[in-house]
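For reference, the structure discussed in these notes is given below.
The values are calculated or read from the model by the stated rules, or taken from the named source; none is laboratory data. Every value quoted in this text rests on a predicted model; they were computed, and no experiment measured them. Cβ placement follows ideal geometry from the backbone for every residue including glycine, while neighbour counts extend to all protein chains displayed. Keep in mind that these areas ignore ligands, DNA and RNA; they rest on the heavy atoms of the full protein, side chains included. Shrake-Rupley method; radii C 1.70, N 1.55, O 1.52, S 1.80 Å.
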Amino acid sequence: MSTGTTEITPMLQSFLSSPRKILIDGKWGNTLSEHTFPTFNPATGDVLCQVPDGQKEDIDRAVKAARHAFEQGPWRTLTPSERGKRLWRLADLMEQRTEEFAQLESLDNGKPVTVARGADVPLAIDLFRYMAGWATKIEGNTIPISVPYAPGAQFHAYTLREPIGVVGQIIPWNFPLLMATWKLGPALAAGCTIVLKPAEETPLSALLLGELACEAGFPDGVLNIVTGFGETAGAALAAHPDVDKIAFTGSTEVGRSIVHAAAGNLKKVTLELGGKSPMLVLPDADLASAIPGVFNATFFNTGQCCGTGTRLYVESRIFDHVLAGLADQAKQIKLGSGMEPTTDMGPLISENQHQRVLGYMESGLKEGAQAIVGGHRYGDTGYFVEPTVLVNTAQHMKVVQEEIFGPVLCAEPFIDLEEALEKANNSMYGLTAAVWTKDVSQAHRIASRLRAGLVWINCHNIVLDAALPFGGYKQSGWGREMGHEAIDLYTEVKAVCAQL
Ligand code: ADP
């Protein structure tokens, strides 16, 4: 098979042509029903391969294997150094398969293979190496205690950080491999055992990752992977009474249903949800970097990032100049199959998402917005839309308030910075924000006033580094991914107190 001008590697050809299985207790097998569903190439709508349609009973089997592995302790009782080495080995194995992973991300998700090669895959490898380092650094504290009613008594008190147990992880389709590693890395470093459910739109790279995890020497049952749909496999995992924690990335709406499902056994929950990230461009900004920076913030990954910059507030004196620059860049962008090496922007993920994004564009235009560039579907095959910049938008419009998850920017001029900050914070979301200015003090003052989990100054989308905690204020989520914050969220604190 050849798609665009990138030749699919023989290893990937054979991966795509052999039947895909789920991973339970170290063995690849079918679901109990043996039903499958197709996964598509979003650039063409063609079926790539069939994937097992996991159901509640498959999730049950996977949770049982994860529970057994956790209680038997083949993973959590390994030395931390040995756990770190296995994670590092997995990273090395992935590195040897960089091209296969990059092509798989492009075929299954639609993103340019050049982007997957340069960003998704190396970032995923780096995440495992970063988390491998943490395995040996998960520490408690010694705590001086006073006990007022026991004069003269002496105590030795300390805390331990222990793995939280069996974790269910549900991931989205926008960065399929990277989202899997964000979830798996800290959980494995902490000594947890896992049931991972990839998104139904993009299950393939997680399955290839599972093959490498088996090769890297993770004991049976430590990592289980069940493909399937959200309403069936995902919901069963979120509600499962023997899962200790659920970690979810996806829409705010589904995040809410995860919280409800998790209430049954009060499992711990972390959520990485939607965003509607504001960007402020001040009159003294270096526009030679701000314009391409804002452009990339909006259109990278076809706007399908939770941290995508979607609301732009530009000081009125430079508004026309900035918007003209953005429109110029948008006109030059090359849309096409991700497997074409010259493609800048791939398709949206699915027919559903295509209809949703086009619907938002239409609603904005109906409410009085004007597209200075884009505003339409692109081509007549695949799920492409033009990069779009809307002006004449207002705070009450759906396009300004709701997450579109496509390449659509709403731009407004401002005169009063206070008013711009108020608008920037006027959102149910609080994931990321950015400010562009040369005034360093002003930049940090603004950063402290933006209600977001991650604020960029004179840059955007430097989000994916393994060391930088990522997560949201308000309805953008609970908890953080990456950094040592992620490790904390896969551990329980145990206090131990001894009288001497
Ligand atoms: P998006 O809107 O970005 O497609 P979703 O939130 O629908 O994202 O999906 C993200 C992940 O959540 C996917 O793996 C999907 O299968 C899963 N999912 C969807 N609905 C549910 C649900 N009700 N319970 C658990 N997981 C779900």
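General observations
- Going through (1) in a loop (DSSP other than H, G, I, E, B); (2) crowded, with 16+ Cβ neighbours inside 10 Å; (3) not hydroxyl-bearing (Ser, Thr, Tyr) one by one, Leu16 falls short only on (1).
- Meets criteria (surrounded by 17 or more Cβ atoms within 10 Å (Cβ to Cβ), more than 25 Å from Val115 (Cα to Cα) and not β-branched (Val, Ile, Thr)) for Gly430: yes
- Just one of (1) buried (at least 18 other Cβ atoms within 10 Å of the Cβ); (2) of a type in the set (A, V, I, L, M, F, W, C); (3) part of a helix (DSSP H, G or I) fails for Met339. It is (3).
- Scanning region 40-93 for residues that are assigned to a helix (DSSP H, G or I) and of a type in the set (A, V, I, L, M) yields Ile59, Ala62, Val63, Ala65, Ala66, Ala69, Leu87, Leu90, Ala91, Leu93.
- Scanning region 433-451 for residues that are open to solvent by less than 20 Å² (accessible area, probe 1.4 Å) and either in contact with a Leu (Cβ under 6 Å, 6 or more places away or on another chain) or among the β-branched types (Val, Ile, Thr) (or both) yields Ala433, Val435, Thr437, Ile446.
- Here Ser205 meets each of (1) out of contact with any strand residue (DSSP E or B) (no Cβ under 8 Å at 6 or more places or on another chain); (2) surrounded by fewer than 24 Cβ atoms within 10 Å (Cβ to Cβ) with one exception, condition (2).
- Failed item in (1) within 11 Å of the ligand (Cβ to nearest atom); (2) in contact with a Lys or Arg (Cβ under 6 Å, 6 or more places away or on another chain); (3) without any contact (Cβ under 8 Å) to a residue 40 or more places away in the chain, with Pro283 passing the rest: (1)
- For region 10-38, a residue qualifies if it is closer than 25 Å to Phe218 by Cβ and of a type in the set (Ser, Thr, Tyr), and the qualifying residues are Ser14, Ser18, Thr31.
- Test: residue in region 29-39 that is under 13 Å from Glu200 (Cβ atoms), open to solvent by 80 Å² or more (accessible area, probe 1.4 Å) and outside any loop (DSSP other than H, G, I, E, B): no
- Residue within region 388-400 that is open to solvent by 20 Å² or more (accessible area, probe 1.4 Å), closer than 17 Å to Phe300 by Cα and in contact (Cβ under 8 Å) with a residue 24 or more places away in the chain present: no
- Any hit, region 403-421, residues being more than 16 Å from the ligand (Cβ to nearest atom), buried (at least 16 other Cβ atoms within 10 Å of the Cβ) and small (Gly, Ala, Ser): yes
- Looking across region 359-382, just one residue is open to solvent by 60 Å² or more (accessible area, probe 1.4 Å), in a loop (DSSP other than H, G, I, E, B) and closer than 18 Å to Glu412 by Cα, and that is Glu367.
- Each residue in region 316-336 was checked for being farther than 29 Å from Leu177 by Cα, in contact with a helix residue (DSSP H, G or I) (Cβ under 8 Å, 6 or more places away or on another chain) and open to solvent by less than 30 Å² (accessible area, probe 1.4 Å), and 4 pass.
- Test: residue in region 110-120 that is touching a Leu at 6+ places or on another chain (Cβ under 8 Å) and farther than 21 Å from Gly303 by Cα: no
- When region 236-265 is filtered for residues that are within 9 Å of the ligand (Cβ to nearest atom) and charged (D, E, K, R), only Glu253 remains.
- Verdict on Thr252 being under 22 Å from Arg67 (Cα atoms) and either in contact with an Asp or Glu (Cβ under 7 Å, 6 or more places away or on another chain) or surrounded by fewer than 21 Cβ atoms within 10 Å (Cβ to Cβ) (or both): no
- Qualifying residue in region 206-224 (condition: of a type in the set (Gly, Ala, Ser) and within 9 Å of the ligand (Cβ to nearest atom)): no
- Residues of region 466-491 that turn out to be touching a Leu at 6+ places or on another chain (Cβ under 9 Å) and open to solvent by 70 Å² or more (accessible area, probe 1.4 Å), as a count: 4
- One residue from Thr232, Thr227, Thr302 being within 14 Å of the ligand (Cβ to nearest atom), open to solvent by 20 Å² or more (accessible area, probe 1.4 Å), within 30 Å of Gly54 (Cβ to Cβ) and at pLDDT 95 or above: Thr232
- Residue within region 188-201 that is within 10 Å of the ligand (Cβ to nearest atom) and either open to solvent by 10 Å² or more (accessible area, probe 1.4 Å) or modelled with pLDDT under 95 (or both) present: yes
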